[in-house]
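Here is the structure we will look at.
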Amino acid sequence: MNTNMGIFAIFFSAIFTQNILLTYYLGMCSFLAISRQVKASLGLGAAVIFVMTCTSALNWLVYYYILVPLDLVYLRFIVFIVVIAAFVQIVEMIIERVSDALYAALGIFLPLITVNCAILGACLFMIIRGQNFLQSVVYGCGSGVGWMVAILAMAGIRQKMSKSRVPKGLEGAGIALVIAGIMALAFMGFSGVIK
Amino acid sequence: MADKKSRILLWQPMMANAFYALVPIVIASVYFFGWRSLALLVIVNIAGFLTEYAFCRVYRQPVSSAVFVTNFLFALSLPPTLPLWMAAVGVIFGLTFGKMVFGGFGRNVFNPALVGRAFIYVAFPNHTNAFWSDPFRGFPAGFAHFAGDAITGATPMTILKQGGEIPLVDLVAGFTGGSLGETCGILILLGGLYILWKKSADYRIVISGFVGFLLLQWIVWATGTQGALAPVPALFSGSFLFGLFFFITEPVSASQTNIGKWIYGFLFGALVVIIRTFSVWREGTMFAVLLANVFAPIMDLAIREIQAKRKAASR
């Protein structure tokens, strides 16, 4: 992966050509569970953008200033998930104290995000691709936006389908997976647009 | 009135318009590529009808004649050398996962023909992307042959991208390689205007699609992007026109609000140019339609929300 890639290219490729949800299938569980309602999708999407941006910054610092000097790189999976969980818990507490409205809108989604594999995935990808600090933050933010775009489109489709008559065996998660598959097929069209 | 209905097939007069528009294109595809294109069409229709029939028996409703429009469009979007069984696989997949699992006619979220085509396009890239046959010329041309014998890897998109030249007359009249129904620009325009006149297609989508395509194509061409074609040849090469009149206008999967339709068409035109020019694929129409389908519902919701807010504010 080219490390000199422009910041904008990283941002847009994280949204379209390498959408974390539709190209790598990460963060599926909350995607399937929450996308029934547009409002909830909006809230969760915003929370994912926020957490992804912050944790990819934190984990970048942890990785290059703690793990690499101490030669503990093999612990990165555990350390990353601990950092994410701790960060999410602290943010939740702060939001609860500071703003009731924000807590009502975002608070319930934060615990869900701790176990969202897309967050950990974005942190691991930024290491694999050898991005520098700024690139990692932009990549995290772009991945979050891409995740939000996907879940919003999904929520819209599921809303539109409220009148559809889906076969019994496919209701709920089944039809959602079929839709996600076709969405992924459509997103393949972007492959190669931003290299 | 209900007692007279056939239990197997429900005939919808609206769908007839689409057939009248497509028949000349079918005849042209035989002229250019031989009787094999008719064989593809027949296989696709049989497989498509049986798929829909299998589901409709469970749903206890007749098969709607819309399935034949889907079948025709699907068949006309195929390359002339495609093995027959692949065409059948494509239409079965498209109708099953693009239409019937959503509840059948009038309930599909995506364009079923293109779900099927995208599936075989990605699953069998060699057959759907590499083998094209040169069209016949003169008379009786394809009427005297089963299949074209000259197999090349070239469609106008490829030739023009590599800097080759094709006379504009050939592009417009359809003497180029390509999918069965996409080559003859004149017949597509005529058929398209016919369904516009009959209001089977929405003029908002078509106009904004034209504008989006020409505007973006002009931008990438004027800025000298590598591989970008000049707007007019680009308009007549590849499947943009066919997609613009027959695929993106499919009313069920399209945007449902009037403002949404303008944006929807523009988005489609712009995406075709972006995918054509920059992606690894040679042609972008199919993916552009599916992507527009993906974003149409959330766009409608947002537009309705904004309109409701405005109404509440003006009160």
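Structure data summary
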{"read-out": "Among the candidates A:Leu75, A:Leu44, A:Leu21, residue that is surrounded by 14 or more Cβ atoms within 10 Å (Cβ to Cβ) and in a helix (DSSP H, G or I)", "value": "A:Leu44"}
{"read-out": "Helices (runs of 4 or more DSSP H) wholly inside segment A:108-177 containing at least 1 residues that are within 11 Å of chain B (Cβ to nearest Cβ)", "value": "A:133-160"}
{"read-out": "Qualifying position, being part of a loop (DSSP other than H, G, I, E, B), among the aromatic types (Phe, Trp, Tyr), under 30 Å from B:Met14 (Cβ atoms) and touching a strand residue (DSSP E or B) at 6+ places or on another chain (Cβ under 8 Å), among B:Phe49, B:Phe105", "value": "B:Phe105"}
{"read-out": "Cβ pairs under 9 Å, 6+ apart, first in segment B:292-311 and in contact (Cβ under 8 Å) with a residue 60 or more places away in the chain, second of a type in the set (D, E, K, R) and buried (at least 17 other Cβ atoms within 10 Å of the Cβ)", "value": "B:Asn293/B:Glu250; B:Pro297/A:Arg158; B:Pro297/A:Lys160"}
{"read-out": "Segment B:54-89 - residue that is within 19 Å of B:Phe242 (Cα to Cα) and in contact with a Gly (Cβ under 7 Å, 6 or more places away or on another chain) and, of those, modelled with the lowest pLDDT", "value": "B:Pro80"}
{"read-out": "Candidate set: segment A:180-194, residues that are in a helix (DSSP H, G or I) and more than 7 Å from every other protein chain (Cβ to nearest Cβ); chosen: the one farthest from B:Pro125 (Cα to Cα)", "value": "A:Ala180"}
{"read-out": "Checklist (1) part of a loop (DSSP other than H, G, I, E, B); (2) within 17 Å of the chain's Cα centre (by Cα); (3) over 28 Å from B:Leu84 (Cβ atoms) applied to B:Gly177, failing item", "value": "(3)"}
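Here is a yes/no grid of residues against (1) in contact with a Ser or Thr (Cβ under 6 Å, 6 or more places away or on another chain); (2) in contact (Cβ under 8 Å) with a residue 24 or more places away in the chain; (3) surrounded by fewer than 22 Cβ atoms within 10 Å (Cβ to Cβ):
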residue	(1), (2), (3)
A:Arg129	no, yes, yes
A:Trp147	no, yes, no
A:Met154	yes, yes, no
A:Ser164	no, no, yes
A:Gly172	no, no, yes
A:Phe190	yes, yes, no
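The values are calculated or read from the model by the stated rules, or taken from the named source; none is laboratory data. Model, not experiment: these values are computed from the prediction. Note that we place each Cβ from the backbone using ideal geometry, even for glycine, and neighbour counts take in every protein chain shown.
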